[in-house]
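> Sending over a structure as structure tokens; questions will come in a sec.
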Amino acid sequence: MTADTLPWRCHGVTGGEAPTEALREVVGKSLRMLRFGLLDEVRVWRDGEPLDIGPPKQRAVLAVLLLEPRRPVSVARIVDAVWADAPPANSVNAVQKQIVALRRALGPAMVTLSDGGYRLDVPADSLDTEELTALIRAGVDARSGGSPEEAERLLSKALAHSRSEPLAGLVGPVFESARRRLAEQRAYAAELWAATALDLRHHEDLTARLPELIVQYPARERLRAIYMLALHRSGRQAEALTAYQDARRHLVDEYGVEPGEELQRAQWEILRAEPVVPVPAHNPPLVPVAAHNPPPMYDLRQPPYPPAAKRSRKQIVLGILSVAVCLFSLGLLTWGVVAVLAAIRGSRALAGMAAVYAVLLVVWLVAMPVEDGGAFYELRLSVGFIAMLATILGGAVHVGLITLVSPWHEAADFRRRV
């Protein structure tokens, strides 16, 4: 985008007539100098220097416009994003006030008004989220085109764009959704970079950088599996097995599931105990890479997690019986059912839930009055009724989700234990 292709019909600029040469020069200079960032806090730089873009509400309005660059954003959408919990009485005036302030900070030609709403005319190469997307696409093309070294360079550059939370400090459903999307994009770039570096046998680089990425994305099993393989292929087998135990402990404690297919495959390669000769750090990768390195373990065209294994008949029968026991025992045995499932899956999280159901059962039996009247009768009745519903219906639904609905990555292990 140049000063000649800008829409000029906006408040404070021209009424639609062709801009003067002086105005073209000013706007063109502004476009060249401004850069925008969403990958940590909402930021703007002019000629490399941070620009003050005002208080939080003004930053939030700018963020909404940057999430849909070069497209009109309606006043209603801006209000929903910025004032989600408490919209102002006069939303049009509230938005217009923030837009006027943004125009003073960025330049009057940057924010234009059309029938569809306000539009921020930001060049694509000056917004860090679009630059991140371009780097990832270029990395994918380089990897699929047989240039792994170039792919690794591009993806490493993409990862350097942000080391903190996107849209930091902004709250609300719109920003939370955008934050998850941006974090998922960067996590994908991390997995793609790690797989490419593993193919190139850059084990030292992987073992140095992956721990930080694992902390940022602890649920990404692929990053943990690549870290294990990098340690193993560097001759650090004991550390690789420790990394597997750490991964398993995290998955069981946080999600109540065993490691998935990729982590199990990585562990199997390590446990085969084949001798691994560490590659000296100063030696370049062998060329061609594919002829000498282990075959790539990952097809990144596939989803980051393997599809859930099919449930066996024994699993289905156990699930139905578990739900039936919770219902027909009127919740008296819910804690025991969850405790059995915790033992089968080796899950401390489920063991904790069994204790919670046991406590709810005690509250139900103690709080429910046996006769009318008495102090705090209504309160005891309400507390007991809630505890009863949580134990009977809540327990049955919970057990059903565990046994019949949630993905069982450890299906084979489950069948062995049952």
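> Would you tally the residues in region 77-96 being open to solvent by 40 Å² or more (accessible area, probe 1.4 Å), touching a residue at least 12 places away in the same chain (Cβ under 8 Å) and in a helix (DSSP H, G or I)?
Residues in region 77-96 being open to solvent by 40 Å² or more (accessible area, probe 1.4 Å), touching a residue at least 12 places away in the same chain (Cβ under 8 Å) and in a helix (DSSP H, G or I): 3 in total.
> Within region 160-183, count every residue that is part of a helix (DSSP H, G or I), in contact (Cβ under 8 Å) with a residue 40 or more places away in the chain and buried (at least 17 other Cβ atoms within 10 Å of the Cβ).
Summing the residues that are part of a helix (DSSP H, G or I), in contact (Cβ under 8 Å) with a residue 40 or more places away in the chain and buried (at least 17 other Cβ atoms within 10 Å of the Cβ) in region 160-183 gives 4.
> Which residues, taken from region 45-64, are in contact with a helix residue (DSSP H, G or I) (Cβ under 8 Å, 6 or more places away or on another chain), under 22 Å from residue 79 (Cβ atoms) and not small (Gly, Ala, Ser)?
53, 57, 58, 61, 62, 64
Per-residue answers, yes or no, for (1) modelled with pLDDT of 75 or more; (2) farther than 22 Å from residue 255 by Cα:
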site	(1), (2)
351	yes, no
358	yes, no
367	no, yes
378	no, yes
389	yes, yes
401	yes, no
406	no, no
410	no, no
417	no, no
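> So which of 137, 209, 201 is more than 30 Å from residue 83 (Cα to Cα), part of a loop (DSSP other than H, G, I, E, B) and either among the basic types (Lys, Arg) or open to solvent by less than 30 Å² (accessible area, probe 1.4 Å) (or both)?
201
> What is the one condition in (1) farther than 27 Å from residue 43 by Cα; (2) part of a helix (DSSP H, G or I); (3) open to solvent by less than 10 Å² (accessible area, probe 1.4 Å) that residue 259 does not satisfy?
It fails just one condition, (2).
> Please enumerate the residues belonging to region 144-158 that are in contact (Cβ under 8 Å) with a residue 40 or more places away in the chain and touching a helix residue (DSSP H, G or I) at 6+ places or on another chain (Cβ under 8 Å).
Residues satisfying the conditions are 148, 151, 152, 155.
> Same structure again: In region 108-127, how many residues are open to solvent by 20 Å² or more (accessible area, probe 1.4 Å) and touching a Leu at 6+ places or on another chain (Cβ under 9 Å)?
The total comes to 1.
> Say whether the condition of being in a loop (DSSP other than H, G, I, E, B) and open to solvent by 30 Å² or more (accessible area, probe 1.4 Å) is met by at least one residue in region 187-195.
Among the residues of region 187-195, not one is in a loop (DSSP other than H, G, I, E, B) and open to solvent by 30 Å² or more (accessible area, probe 1.4 Å), which makes the answer no.
> From the list 209, 236, 186, pick out the single residue that is in contact (Cβ under 8 Å) with a residue 40 or more places away in the chain and basic (Lys, Arg).
186
> Checking residue 42 against (1) closer than 23 Å to residue 184 by Cβ; (2) open to solvent by 80 Å² or more (accessible area, probe 1.4 Å); (3) not acidic (Asp, Glu), which single condition isn't satisfied?
With respect to (1) closer than 23 Å to residue 184 by Cβ; (2) open to solvent by 80 Å² or more (accessible area, probe 1.4 Å); (3) not acidic (Asp, Glu), residue 42 is out only on (2).
> Right, next: Which residues, taken from region 214-260, are under 24 Å from residue 181 (Cβ atoms), touching a helix residue (DSSP H, G or I) at 6+ places or on another chain (Cβ under 6 Å) and of a type in the set (Phe, Trp, Tyr)?
Once the filter is applied, which keeps residues that are under 24 Å from residue 181 (Cβ atoms), touching a helix residue (DSSP H, G or I) at 6+ places or on another chain (Cβ under 6 Å) and of a type in the set (Phe, Trp, Tyr), region 214-260 yields only 217.
> In this structure, is residue 69 surrounded by fewer than 16 Cβ atoms within 10 Å (Cβ to Cβ), of a type outside the set (A, V, I, L, M, F, W, C) and part of a loop (DSSP other than H, G, I, E, B)?
It is false that residue 69 is surrounded by fewer than 16 Cβ atoms within 10 Å (Cβ to Cβ), of a type outside the set (A, V, I, L, M, F, W, C) and part of a loop (DSSP other than H, G, I, E, B).
> Can you tell me which of (1) modelled with pLDDT under 90; (2) within 30 Å of residue 220 (Cβ to Cβ) is the one residue 190 doesn't meet?
(1)
The values are calculated or read from the model by the stated rules, or taken from the named source; none is laboratory data. Everything numeric here is computed off the predicted structure, so don't read it as measured data. Because the Cβ atoms are built from the backbone with ideal geometry, glycine has one as well, and the counts that use them run over all protein chains shown. SASA here: full protein model, heavy atoms, side chains in, ligands and nucleic acids out. Shrake-Rupley method; radii C 1.70, N 1.55, O 1.52, S 1.80 Å.
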